[in-house]
Amino acid sequence: MEKLRATSNLRRSLKSLLNRRLSSGSDFTHFNQKRSFQTSFNWIRDYKSVGEVNAVQYRYFSSVSTLVQRNPSFSTLNSDDISYFKGLLGEKNVIQDEDRLETVNTDWMHKYKGSSKLLLQPRSTEEVSQILRYCNSRCLAVVPQAGNTGLVGGSVPVFDEVIVNVGSMNNIISFDKVSGILVCEAGCILENLISFLDNQGFVMPLDLGAKGSCQIGGNVSTNAGGLRLVRYGSLHGNVLGLEAVLANGDVLDMLGTLRKDNTGYDLKHLFIGSEGSLGIVTKVSILTPPKLSSVNLAFLACKDYSSCQKLLVEAKRKLGEILSAIEFLDDQAMVLVLHHLDGVRNPLPTSMHNFYVLIETIGSDDSFDREKLEAFLLSSMEGGLISDGVLAQDINQLSSFWRIREGVPEALMKAGAVYKYDLSLPVEKMYNLVNDMRVRLGNLAKVVGYGHLGDGNLHLNISAPQYDDAILEQIEPYVYEWTYKHRGSISAEHGLGLMKANKIYYSKTPETVQIMASIKTLLDPNGILNPYKVLPHSINP
Amino acid sequence: MKIMVAVKRVVDYAVKIRVKPDKSGVETQNVKMSMNPFCEIALEEALRIKEAGLAKEVVAVSMGLANCVDTLRTSLAMGADRGIHVEAARELIPLTVAKILKKLVEVENPGLLILGKQAIDDDCNQTGQMIAGLLGWPQGTFASKVVLDKEKQVVTVDREVDGGLETLCLDLPAVITTDLRLNQPRYATLPNIMKAKSKPIKKYTPEELNVEIKSDLEVVQVTEPPKRKAGVILSSVDELIDKLRNEAHVI
Ligand SMILES: Cc1cc2nc3c(=O)[nH]c(=O)nc-3n(C[C@H](O)[C@H](O)[C@H](O)COP(=O)(O)OP(=O)(O)OC[C@H]3O[C@@H](n4cnc5c(N)ncnc54)[C@H](O)[C@@H]3O)c2cc1C
């Protein structure tokens, strides 16, 4: 009898067991849990106390210590402000609790930390508008924060900026099953949108390791790239419209749902990727592709980088219409993942390989797709481009292969201090930088390379037991100069945030930056929105 | 010795199951189908026994629609030597599967028959026991450890039972059904996928095996389990006590 009861629940228990075996595959995406198992970094921060804390020195993000001065034109919070906000939002949405503030003041990497005394959680565009109108009139600086998974110190305050999080605005406003156009509030968590669409037979055009925490508003504001960009293109193409609130509280309704609309300057693009420096995004309309039934994933080994590159070229040519992702990681990244993440299993355990490549296809006919992919893989293997590989046979295997690639940032976090560089480079030169850095750093640190092979996007990560100026001096400005020399971008997808605000000239001309500054002044004359970020401090208003 | 393994094609365990609008069954159109996880474990165990030099050949058997061949291909890519597909146009109940298996055992003469303890689609947990009964072979169900002794022609099976582990020693030939913790199935590597292409899959029809396909079961209705109601967040202990007393009536 016992037995019978036990087996009747099998599917469920099997699932949970398999999930456990898969380990944190999905836990991983829940960053709330993640916080508890992050390594704490002794991150180096010096206060220059001139009466009160008004300058913070971040020694770790630049070779020459950079001093960030608190903009003296910003006011500091007083009790009237708090009363105003409580009146506007209700007690519950005005947060001054120390513990909660500690979390929202600290970024995902535990690298940047502000000292904000206030978190506001508006529930409507109208409330966001009132908050900004008030802050603007009082000259209170504001940092928009979403899932706080940003990797460039853009989502946390530098000093005492008021944090505004639209996470409570998480409603889906409409979904059109004919066109696949989704309209939702900016606080929707990416993973929730993915599952909502899954039920409707559609997919989000973007997917990334942080999906369990990041919000669509955060994704749009950073113009996040992710794993499927090679297939679906960037958010500049997929976001059809948005609603944003300007610093003075004005609401810009650009929430169109049209694929084509050539009427004047397309201002929504200013908000895609502007990292909260021009306005707070409150609603988004986004074009979503239909979900296709056949997904296949291969996890492959290559002996050298040149093989990875040739494999990319071949894959684009031979898998063209079904190719949905092509990602890579090097042996150092693989070692870290196997060492630091629970339950991860090496799909190719017989020997270590120099490079691992994931190739995913998405199509509408499983036997056709599979045949095509198998034929491609077998011919690449015969041609020597692939030294070994496995092909996922079910969704469980598929998730465990993805877990390896998506788990690299987390493994790096667990390994100690990490210097992250997110670079766009010509694919053929991309990995030379990793080799150069290994030579430069020698035994000082581990150099790890992984990223979006299909987009020419290298994630160069330098991992060390702790942050150390000697290491940093070897990295910067070398990495930026190298990138500049090869006409790359110093930020492929993470943005500039605080980390790279002063480095913008490596990728943009002075004339371009000047126009950006003028736009910033036009939309946010008091400079209250996400100060010290994105644009160089020399020209910030 | 030859080992025969039964593999079933089922809706992938990670897929969210949807019931057909007419409640006649679950939706399988445009749904990812994969090998039943318990069958994967059964196959893995057979391959390990073969790799240990204790068996010569592993034969995978699948029954059902034409695309069961995909599941057999997966088996071959994992390392099975050949496949047998018994083509049937409709869903087979465990007794029919057991009867067909019996006929195949008569043709193939394996020394060991390994099955998953159940399939995750119908959760029947019957086929292994039924075939053991039809063949009159000893059975070790819910195996979490299998040790084969070629000399003595016995197999020792640890079974997960409620109170702990039970160890059985079975004379060969025998039937084993596998539990989740028995092993971790391997992945299909490219070299093995390539090799699998030239491995044979033999086809039979139930008629050829003299098995009549009939069912004395009728599915009346398939429905989803009731949805769990969303929780509520209460603002105070008093409110909680009030709800427990006046709504849930538990205190
Ligand atoms: C494990 C991991 C994997 C990642 N993988 C990728 C990847 O593959 N591709 C990629 O591009 N990025 C990746 N990232 C970086 C990051 O997740 C993305 O940049 C993400 O889009 C940030 O979303 P968020 O909701 O966490 O925003 P936050 O980090 O909270 O904010 C990011 C920036 O947007 C601004 N902002 C947030 N919400 C709003 C709003 N409503 N209006 C205006 N401004 C706003 C903030 O001020 C900040 O400058 C990864 C991060 C992690 C931790």
Estimated Rh, the protein assembly as shown: Kirkwood, alpha-carbon pairs, angstrom:
29.2 Å
How much accessible area is lost when chains A and B come together, counting both sides, with a 1.4 Å probe, in Å² rounded to the nearest 100?
3500 Å²
Give me the compactness ratio for the stretch A:79-165, meaning the Cα radius of gyration over 2.2 N^0.38 Å.
1.03
Just the number, please: carbon plus sulfur as a percent of the accessible area of the stretch A:79-165, 1.4 Å probe, no ligands or DNA/RNA counted.
47 percent
Taking θ = phi - 60°, what integer Hz values does the Karplus form 6.51 cos²θ - 1.76 cosθ + 1.60 yield along the stretch A:127-141, in sequence order, with x for Gly and Pro?
5, 4, 4, 5, 4, 5, 4, 5, 4, 5, 5, 8, 6, 9, 6
Hey, can you rank B:183-190, A:125-132, A:273-280 by average C-beta count inside 10 Å, highest first?
A:273-280, A:125-132, B:183-190
Per residue in the stretch B:142-182, which ones lose no less than 20 Å² of accessible surface when going from chain alone to all protein chains (1.4 Å probe)?
B:F142, B:D162, B:L180, B:R181
Quick shape summary for the stretch A:172-287, equivalent ellipsoid via Cα gyration tensor, semi-axes whole Å in descending order, reads 21, 16, 14
Counting only DSSP loop positions in the stretch B:25-73, the GluC sites (Glu not before Pro) whose Cβ has at most 16 other Cβ atoms within 10 Å are B:E27
Per-bin percent of Cα-Cα distances, the stretch B:1-143 [5 Å]:
2, 10, 20, 23, 22, 12, 6, 3, 1, 0, 0
Quarter of the Cα convex hull surface for the stretch A:411-507, i.e. its orientation-mean projected area (nm²)
5.9 nm²
For A:T257 and A:D198, what does the FRET efficiency come to when R0 = 22 Å and r is the distance between their Cβ atoms, rounded to the nearest 0.05?
0.55
Scalar couplings 3J(HN,Hα) for the stretch A:441-451 by Karplus 6.51 cos²θ - 1.76 cosθ + 1.60 (θ = phi - 60°), nearest whole Hz, x for Gly and Pro, are 8, x, 8, 4, 7, 8, 10, 10, x, 7, x
Convex hull around the C-alpha positions of chain B: the volume in Å³ per residue is 193 Å³
Have a look at A:L358, A:G416, A:A315 and report the one farthest towards the positive end of the charge dipole of the stretch A:294-486, computed about the Cα centre with Cβ charges (Lys/Arg +1, Asp/Glu -1).
A:G416
Solvent exposure of the protein assembly as shown as accessible area per residue, Å², 1.4 Å probe:
43 Å²
Near the amide H of A:A325, under 5 Å away, which other amide H atoms are found, from residues 5 or more places off or on another chain, if H is placed in the peptide plane?
A:E360
Need the full-extension length gain, A:K177 to A:H537, defined as separation in residues times 0.36 nm minus the C-alpha distance. One decimal, nm.
125.0 nm
Hey, what do the phi angles of the stretch A:415-429 turn into as Karplus ³J(HN,Hα) couplings, whole Hz, using 6.51/-1.76/1.60 and θ = phi - 60°, x for Gly and Pro?
6, x, 6, 9, 9, 10, 10, 10, 10, 9, 9, x, 3, 5, 9
Using the alpha-carbon atoms, what tilt in degrees (0 to 90, nearest 10) does helix A:305-319 show relative to the longest principal axis of chain A?
80 degrees
Within a 10 angstrom radius of each residue's Cβ in B:28-41, how many Cβ atoms of other chains show up on average? Whole number is fine.
3
Order A:V418, B:V69, B:V107 by their accessible area, 1.4 angstrom probe, all chains in place, largest first.
B:V107, B:V69, A:V418
Ellipsoid equivalent to the stretch A:362-480 - semi-axes via the Cα gyration tensor, in Å:
34, 17, 12
Rounded to 0.05, the calculated FRET efficiency for the beta carbons of A:D468 and A:H236 at R₀ = 35 Å is 0.40
Is there a simple number for the mean count of other chain Cβ atoms within 10 Å of the Cβ of residues in A:385-394, and what is it?
6
Taking the alpha-carbon centre of each part, the distance from the stretch B:76-99 to the stretch A:336-385 in Å is 28 Å
For the stretch A:240-320, which chymotrypsin sites (Phe, Trp or Tyr not before Pro) are both in a DSSP coil and crowded by at most 12 other Cβ atoms within 10 Å?
A:Y265
Radius ratio Rg over Rh of the stretch B:156-251, counting only Cα atoms, Kirkwood formula for Rh
1.22
Return, for the Cα atoms of the stretch A:299-338, the radius of gyration and Dmax in Å, separated by a comma.
11.6, 33
So for the stretch A:134-192, Kirkwood radius off the Cα pairs, Stokes-Einstein at 25 °C and 0.890 mPa s: how many µm² s⁻¹?
181 µm²/s
Given the stretch A:338-380, report the % of alpha carbon pairs whose separation exceeds 14 Å.
66 percent
Sparse-neighbourhood loop hits (trypsin sites (Lys or Arg not before Pro), the stretch A:467-515; DSSP loop; Cβ within 10 Å at most 11 others) -> A:R487
Is there a quick way to get the dipole size of chain A? I mean about its Cα centre, with the Cβ of Lys and Arg at +1 and of Asp and Glu at -1; what is the value in debye to the nearest 20?
500 debye
Cα atoms only: what Rg and Dmax, in Å, come out for the stretch B:98-196?
14.7, 45
Summing -39500 (n - 2.57) over the DSSP H runs of n ≥ 4 in chain A and dividing by its residue number, what mean residue ellipticity at 222 nm do you reach, to the nearest 500 deg cm²/dmol?
-10500 deg cm²/dmol
Where only C-alpha atoms are counted, convex hull volume of the stretch B:21-101 per residue in Å³:
111 Å³
Full extension between A:L267 and A:K485 adds, at 0.36 nm per residue less the Cα distance, a length in nm of 75.3 nm
For peptide A:362-368, the mean count of other chain Cβ atoms within 10 Å per residue Cβ is 1
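The values are calculated or read from the model by the stated rules, or taken from the named source; none is laboratory data. Remember, predicted model here, so these are calculated numbers, not experimental data. Please note: Cβ atoms are built from the backbone with ideal geometry, for glycine as well, and neighbour counts cover all protein chains shown. Note: accessible area is taken over every heavy atom of the protein model, side chains too, but ligands, DNA and RNA are not part of it. Shrake-Rupley method; radii C 1.70, N 1.55, O 1.52, S 1.80 Å.
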